[in-house]
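The values are calculated or read from the model by the stated rules, or taken from the named source; none is laboratory data. If you're wondering where the values come from, they're calculated on a predicted model, not measured in any experiment. Heads up, the Cβs are rebuilt from the backbone with ideal geometry, glycines too, and the neighbour counts pull from every protein chain shown. Ligands, DNA and RNA are stripped out before the accessible areas are found, and what is left, the full protein with its side chains, is counted by its heavy atoms. Shrake-Rupley method; radii C 1.70, N 1.55, O 1.52, S 1.80 Å.
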Amino acid sequence: DTGVSQDPRHKITKRGQNVTFRCDPISEHNRLYWYRQTLGQGPEFLTYFQNEAQLEKSRLLSDRFSAERPKGSFSTLEIQRTEQGDSAMYLCASRLGTGAPTDTQYFGPGTRLTVL
Amino acid sequence: AQTVTQSQPEMSVQEAETVTLSCTYDTSESDYYLFWYKQPPSRQMILVIRQEAYKQQNATENRFSVNFQKAAKSFSLKISDSQLGDAAMYFCAYRRGSGGSNYKLTFGKGTLLTVNP
């Protein structure tokens, strides 16, 4: 079990640039989540995938944000025309999808984005 | 909408002592789950303990236990025999139960726990 991985771990960009983050879930997990965590706050839900289908998007996910999960494997989160307010830790989580109470979300280490 | 409140931004405990972290939540649902997650500095978040709302018995995992008061909508975490490795940010989280839910988590703001040697 290699766990959830995210790349890059850190990203510094200038305002107005586009950035893309990648998440590789645990291999047999078909549910995938993106969360955003700003300083002093808990993670906030952004979007959810069941296999390759994006089934829910938070109102936090503005038009500048897009997420994909081609073939139901890895996922990417792209932010276009970054703003300073986008600076945050972006967390990815995955779960097996059985619906059982023990169906836990496993988190990756996150990508810390700093927009200058 | 569900909300989770952690009223203690920071807590400290002496090594080997016991500490309790508080969490309250608000929901109109009857079927839900509550969690405590631990986020060590610069490391990924891991699940500490889970409580199903339909279970009256409080969950226990080794040195970690919860006090689940459903009527009061309170869900506190007790850490016994605290160890230096327990130092971390602790998040209380809520999840709806079954019935078409995507099982997204709603988190509190967290409590930063310091363990003093």
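Of all residues in the range A:100-116, none satisfies the criterion of being polar (S, T, N, Q), within 10 Å of residue A:21 (Cα to Cα) and not in a strand (DSSP E or B).
Of the numbered criteria (1) at pLDDT below 95; (2) at positive phi, the one residue A:16 fails is (1).
Being open to solvent by 20 Å² or more (accessible area, probe 1.4 Å) and either touching a Cys at 6+ places or on another chain (Cβ under 9 Å) or farther than 26 Å from residue A:100 by Cα (or both), is that true of even one residue in the range B:56-67? So far as the range B:56-67 goes, no, none of its residues is open to solvent by 20 Å² or more (accessible area, probe 1.4 Å) and either touching a Cys at 6+ places or on another chain (Cβ under 9 Å) or farther than 26 Å from residue A:100 by Cα (or both). Just one of the listed residues (B:48, B:19) is under 12 Å from the mean Cα position of the chain (by Cα) and of a type outside the set (D, E, K, R), and it is B:48. Taking the listed residues A:85, A:40, A:97, the one that is outside any loop (DSSP other than H, G, I, E, B) and over 15 Å from the mean Cα position of the chain (by Cα) is A:85, with no other qualifying.
If you go through the range A:57-82 and keep only what is under 17 Å from residue A:6 (Cα atoms), assigned to a loop (DSSP other than H, G, I, E, B) and open to solvent by 40 Å² or more (accessible area, probe 1.4 Å), you end up with A:73, A:74. Scanning the range B:54-90 for residues that are acidic (Asp, Glu) and assigned to a strand (DSSP E or B) yields a total of 1.
Which one of the conditions (1) touching a Lys or Arg at 6+ places or on another chain (Cβ under 7 Å); (2) open to solvent by less than 40 Å² (accessible area, probe 1.4 Å); (3) in a loop (DSSP other than H, G, I, E, B); (4) under 27 Å from residue B:35 (Cα atoms) does residue A:3 fail to meet, given that it meets all the rest? For residue A:3, the failing item is (1). Scanning the range B:76-116 for residues that are open to solvent by 20 Å² or more (accessible area, probe 1.4 Å), within 30 Å of residue A:55 (Cβ to Cβ), touching a residue at least 12 places away in the same chain (Cβ under 8 Å) and small (Gly, Ala, Ser) yields a total of 2. Only residues that are open to solvent by 20 Å² or more (accessible area, probe 1.4 Å), under 22 Å from residue B:88 (Cα atoms) and in contact with an Asp or Glu (Cβ under 9 Å, 6 or more places away or on another chain): list them for the range A:6-44, please. If the condition is that a residue be open to solvent by 20 Å² or more (accessible area, probe 1.4 Å), under 22 Å from residue B:88 (Cα atoms) and in contact with an Asp or Glu (Cβ under 9 Å, 6 or more places away or on another chain), then A:36, A:37, A:38 are the ones that fit.
Pick from B:68, B:91: which is in contact with a Lys or Arg (Cβ under 9 Å, 6 or more places away or on another chain) and within 28 Å of residue A:57 (Cβ to Cβ)?
Checking each option against the conditions leaves just B:91.
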